[in-house]
Structure formats: structure tokens, C-alpha cells
Amino acid sequence: MEAEIESRLAKMTIDEKVGQMCELSIDIITDAKGSTGGKFLFNNEKVNEVFDKYKVGSILNVPLSVAQPPESWRKIIYSLNQKSLKSFGIPEVYGVDQIHGASYTLGATFFNLFARRLLLIAIYLSAYPK
């Protein structure tokens, strides 16, 4: 695996390496006019530019700042990974800001900060044998 990674890095231009280290908001590739009522659409011209021209390695956040159902997340992330693989041979990394739980996924559990802190304390304390 290490040899494959080193080989791929050796073949990349500096522009490609910089592109792989960039993370863009999904708003950059969203079709804002076509995306209505919580339905998300890509701007295919922008998607092509982001992956084909700039070789961007990561997309972040939530389309339209609206929680999406799990099936929409699967379609969004799968299609971006397929485009990235086709364009450059490396899957993109998709990130979602969900610091307090899965608040951007419809039907998911939302953890408030107090519950999260209790969970972290419980994990921390369970690491020590009695």
C-alpha cells in the first residue's frame, strides 16, 4: 500500500497535489435554481470543473443547509466519489459538520451538548480498570 501511495504521489503535479488538499463547500457545485423544496441537484458544469480541472480532494457540508434523508446522502456521496474516481482515480473525502450528532440527516438522533459530554466522560472513565 505504501509503495502504491508513493508511486501515485510521484506522478502527481504540484497543482494536482494542491487540489487534493483542498476542501470546498458543496454550495460551489449546487444548482441553486434547480434545487427547490429540499430537493438537491448538482450543477454538472461546476462538478466537472471542480474534479476535472482542479482535482479537488474533499467536499464539505450539507446541500442547501437542509437535512437530507439517508437515501439522498447515499446518492450525493456516491455520485461525487464516482466523478472523482473517473476524473482522477482517487475517491473524494466528504465531510459533514455534525458535532452534536447527526443533525443533518433526516430521522437521525440529535445529541445535545450535555448528553455528548456525559458520553465522553463515560468513555474516558471506562478506560481505567477498577
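The values are calculated or read from the model by the stated rules, or taken from the named source; none is laboratory data. Computed from a predicted structure; not experimentally measured. All Cβ positions, even for glycine, are placed from backbone atoms using ideal geometry, and neighbour counts span all protein chains on display.
Output the residues belonging to region 49-68 that are in a helix (DSSP H, G or I), farther than 21 Å from Val18 by Cβ and of a type in the set (A, V, I, L, M, F, W, C). Lay out the reasoning, then the answer.
Applying the first criterion (in a helix (DSSP H, G or I)) to region 49-68 yields 49-53, 63-65.
Filter once more, keeping what is farther than 21 Å from Val18 by Cβ: 63-65.
Result: Leu64, single match.
Residues in region 47-79 that are loosely packed, with under 13 Cβ neighbours inside 10 Å and among the aromatic types (Phe, Trp, Tyr): Tyr78 only.
Does region 30-48 contain at least one residue that is modelled with pLDDT of 90 or more, part of a helix (DSSP H, G or I), within 27 Å of Thr109 (Cα to Cα) and of a type in the set (Val, Ile, Thr)? No, there is no match, as no residue in region 30-48 is modelled with pLDDT of 90 or more, part of a helix (DSSP H, G or I), within 27 Å of Thr109 (Cα to Cα) and of a type in the set (Val, Ile, Thr). Screening region 1-54 for residues that are touching a helix residue (DSSP H, G or I) at 6+ places or on another chain (Cβ under 7 Å) and among the β-branched types (Val, Ile, Thr) and picking the one that is farthest from Glu71 (Cα to Cα) gives Val50. Selection of region 83-98 for residues being over 12 Å from the mean Cα position of the chain (by Cα) and surrounded by fewer than 13 Cβ atoms within 10 Å (Cβ to Cβ) yields Lys86, Gly89.
Condition (residue is in contact (Cβ under 8 Å) with a residue 60 or more places away in the chain and out of contact with any Asp or Glu (no Cβ under 8 Å at 6 or more places or on another chain)) applied to region 22-42: is it met by at least one residue? I'd like the intermediate steps shown before the answer.
Within region 22-42, the first condition is being in contact (Cβ under 8 Å) with a residue 60 or more places away in the chain, and the residues that meet it are 23.
Next cut, out of contact with any Asp or Glu (no Cβ under 8 Å at 6 or more places or on another chain) only: 23.
Checked against the condition, which is being in contact (Cβ under 8 Å) with a residue 60 or more places away in the chain and out of contact with any Asp or Glu (no Cβ under 8 Å at 6 or more places or on another chain), region 22-42 yields at least one hit.
Cβ-Cβ contacts under 8 Å between residues 6 or more apart (or on different chains), taken from a first residue in region 69-92 that is assigned to a helix (DSSP H, G or I) to a second residue that is surrounded by 16 or more Cβ atoms within 10 Å (Cβ to Cβ) and hydroxyl-bearing (Ser, Thr, Tyr), are listed as Pro70/Thr105; Trp73/Thr105; Ile76/Tyr94; Ile77/Tyr94; Leu80/Tyr94; Asn81/Tyr94.
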